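The values are calculated or read from the model by the stated rules, or taken from the named source; none is laboratory data. These figures come from a predicted structure and were not determined experimentally. Here the Cβ positions follow ideal geometry from the backbone for every residue, glycine too, while neighbour counts run over all protein chains shown. To get the accessible areas, we keep the full protein, side chains included, count just its heavy atoms, and leave off ligands, DNA and RNA. Shrake-Rupley method; radii C 1.70, N 1.55, O 1.52, S 1.80 Å.
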Amino acid sequence: PRQAAKTVWYDRPRYVYLEFCVEDSTDVKVVIEDHRLVFSCKNADGVEFYNEINLYARVNSKDSREKRSDRSITCFMRKWKEKVAWPRITKENIKPAWLSVDFDNWRDWEGDEEMERAMVEQYAEV
């Protein structure tokens, strides 16, 4: 039986970030389309995770990527319209039980673009 991975997200001027919290993931598949993200993987115990998100707004699927670590899989998606805040990540105005905002990374955008650029470059090097 598949289950949804616990997911946190946060918003930035150019990108939207999603983190799927699965430790020691294997068989990770991330499909990023203009209006949708599909994620699946297994954990060390062989549990299958599957999340599908219809996105609030369009993203540039070609300039979006993911990075896996031992603790989670982080996706960052380039917004089609930059500097437009996303009040939520889902198209529908409902909050799935497995989805929450990453308040540690959620901040005011003022003066944030330099930091964001550095962060994306750091990801790109991996």
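In summary, D104 fulfils each of the numbered conditions (1) surrounded by 11 or more Cβ atoms within 10 Å (Cβ to Cβ); (2) in a loop (DSSP other than H, G, I, E, B) with the single exception of condition (1). Residue check, M119 against (1) surrounded by 16 or more Cβ atoms within 10 Å (Cβ to Cβ); (2) in contact with a strand residue (DSSP E or B) (Cβ under 6 Å, 6 or more places away or on another chain), all met but one. Which one? Exception for M119: condition (2).
Residue count for region 1-38 satisfying the condition of being buried (at least 18 other Cβ atoms within 10 Å of the Cβ) and free of Cβ contacts under 8 Å to residues at least 12 places away in the same chain: 0.
For region 41-52, a residue qualifies if it is part of a strand (DSSP E or B) and either more than 24 Å from F103 (Cα to Cα) or open to solvent by 30 Å² or more (accessible area, probe 1.4 Å) (or both), and the qualifying residues are C41, K42, E48, Y50, E52. One residue alone among T90, T74 is open to solvent by less than 70 Å² (accessible area, probe 1.4 Å) and free of Cβ contacts under 8 Å to residues at least 40 places away in the same chain, and that residue is T90.
Among the candidates E19, E23, E48, which residue alone is within 15 Å of A4 (Cβ to Cβ) and over 15 Å from the mean Cα position of the chain (by Cα)?
E48
Taking the conditions (1) loosely packed, with under 13 Cβ neighbours inside 10 Å; (2) under 14 Å from the mean Cα position of the chain (by Cα) in turn, A97 satisfies each one other than (2). Within region 65-86, the set of residues being in contact with an Asp or Glu (Cβ under 6 Å, 6 or more places away or on another chain), assigned to a strand (DSSP E or B) and of a type in the set (D, E, K, R) comprises just one member, R78. Checking each residue in region 53-63 for being of a type outside the set (F, W, Y) and open to solvent by 70 Å² or more (accessible area, probe 1.4 Å) picks out R58, K62. Checked against (1) at pLDDT 90 or above; (2) open to solvent by less than 70 Å² (accessible area, probe 1.4 Å), E66 passes all but a single condition, namely (2).
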